[in-house]
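Participant: I have a structure here, written as structure tokens, and I will follow up with some questions on it.
Since every read-out is calculated from the coordinates, none of them should be taken as a lab result. Treat the numbers as computed from the prediction; the structure is a model and nothing was measured. All Cβ positions, glycine included, derive from the backbone under ideal geometry; neighbour counts span all protein chains shown.
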Amino acid sequence: MDETALIGVDWGTTNARAFRYDAQGTVVETRHRGCGLLQIVDGDWETTFLKNFGDWTNGAPDLPVLLCGMVGSQQGWSEAPYVECPLDISTLAENLHPITGTDYCIVPGVRTIDGCGVPDVMRGEETQLAGLDPQGLQLVCLPGTHSKWVQIAGESVTGFQTYMTGELFKLLSEHSILARTQTKGPSSHEAFLLGVDHSKRDGGLLHQLFGVRGLRLFDQLTGDAQGDYLSGLLIGHEIRSALDATSAAGMVTVVGAKELTSRYVTAMEYMGRSIIVTDGEQAASRGLWRIAQQAGMIA
């Protein structure tokens, strides 16, 4: 481990992905572990860290370790306070949260206030944003269970909105009346785009969701295609709402794994938007390194 300069861990609700860097900031080893917040027993984060990544720090007790994500939540290893928008990498670096009893630090979460005075928060995505290259004004979409749409000006995050699209899809597909008629079968590209198309109709999302049942009852939608239609309907509403909220024109940067981003890319291209896709893991690893460098954790 002589070449190791930093350990970075993006530690979320269900999984942890860890990066071991050399002195030039190159990731020399990556690990994925299913030991997220939901799998931590009795809050024993330190034991879990040592079990999964402790060999990287053996013989090097002063090796810097930087973590981000739900590890810094109220249910995490140690709660890292939120910092307010607008902010940039230097704000994150200046507010790293030390974990008592260790030499490890956690990247703070980020908070903003929407136009109605309601707080919105993120943990983990701020580190991916720090891994993006500045491009003037940017609109960034980070799909997931709770998707984020982020406005960036230069190197500064100026605001964001969260959409519970992924979680709502799961709830409706597994625990609502719609689950009774949804079946598993081949993916239907046509049904997905039909859902995207229908998301622009009048009536609002709540009415259109019950329309899924109506389409199924009268054989205008098969059980196998129902999930794809529902996905298109929800993602279509999310995209239209996010674009309306930001009044953004031009390119959208989509950040995440292929399985998360593909439907968003398909929907936005269908709507005529231009897309740049960035791998979420690469953005997270670059962000952790840049924040650690800014904080003086590494040379």
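Participant: Among 167, 174, what is the fewest-to-most ranking by other Cβ atoms within 10 Å?
Facilitator: 174, 167
Participant: Could you please report the charge total around residue 184, scoring K, R as +1 and D, E as -1 over all other residues with beta-carbon less than 13 angstrom from its beta-carbon?
Facilitator: Result for the neighbourhood of residue 184: -3.
Participant: Tell me the net charge near residue 89. Cut-off is 10 Å between Cβ atoms, residue 89 excluded, with +1 for each Lys or Arg and -1 for each Asp or Glu.
Facilitator: -3
Participant: I need the helices of the chain that pass two filters: whole DSSP H segments spanning 24 Å or more by Cα along the axis, and mean Kyte-Doolittle score no lower than -1.0.
Facilitator: Within the chain the helices that satisfy the rule are 223-246.
Participant: For a 22 Å ceiling on Cα separation, which of these pairs sit above it: 51/170; 148/170; 51/148?
Facilitator: In this structure, 51/170; 51/148 lie more than 22 Å apart at Cα.
Participant: Roughly what % of DSSP beta bridges within segment 14-121 run antiparallel, to the nearest 5?
Facilitator: Within segment 14-121, antiparallel bridges account for around 70 percent of the total.
Participant: OK, next. Out of the trypsin sites (Lys or Arg not before Pro) in segment 134-184, which ones are loop residues according to DSSP with at most 12 other C-beta atoms within 10 Å?
Facilitator: 184
Participant: Checking a compactness column here: for segment 165-278, what do you get for Rg(Cα) / (2.2 N^0.38 Å), N being the number of residues?
Facilitator: Compactness ratio reported: 1.06.
Participant: Here are labelled values, (1) 19.1; (2) 20.5; (3) 22.6, and one is the computed Kirkwood radius over Cα pairs in Å for what I pasted. Which one?
Facilitator: (2)
Participant: How many percent of DSSP beta bridges within the chain run antiparallel, rounded to 5?
Facilitator: 65 percent
Participant: Nothing charged except the Cβ atoms of Lys and Arg (+1) and of Asp and Glu (-1): what's the magnitude of the dipole of the chain about its Cα centre? Round to the nearest 20 debye.
Facilitator: Roughly 920 debye for the chain.
Participant: Assuming a ≥ b ≥ c are the square roots of the Cα gyration tensor eigenvalues, decide whether segment 135-216 counts as rounded (a/c under 1.5), prolate (otherwise, with a/b larger than b/c) or oblate.
Facilitator: Since a/c reaches 1.5 and a/b is larger than b/c, the shape of segment 135-216 is classed as prolate.
Participant: Let me ask something else about it. Quick one: 146, 32, fewest Cβ neighbours within 10 Å first, how do they rank?
Facilitator: 32, 146
Participant: Normalised by the residues of segment 165-278, what does the relative contact order come to in percent, with Cα pairs under 8 Å and at least six apart?
Facilitator: 29 percent
Participant: Additional query: Could you grab the relative contact order for the chain? Cα pairs under 8 Å, six or more apart, rounded to a whole percent.
Facilitator: It comes to 17 percent, rounded to a whole number.
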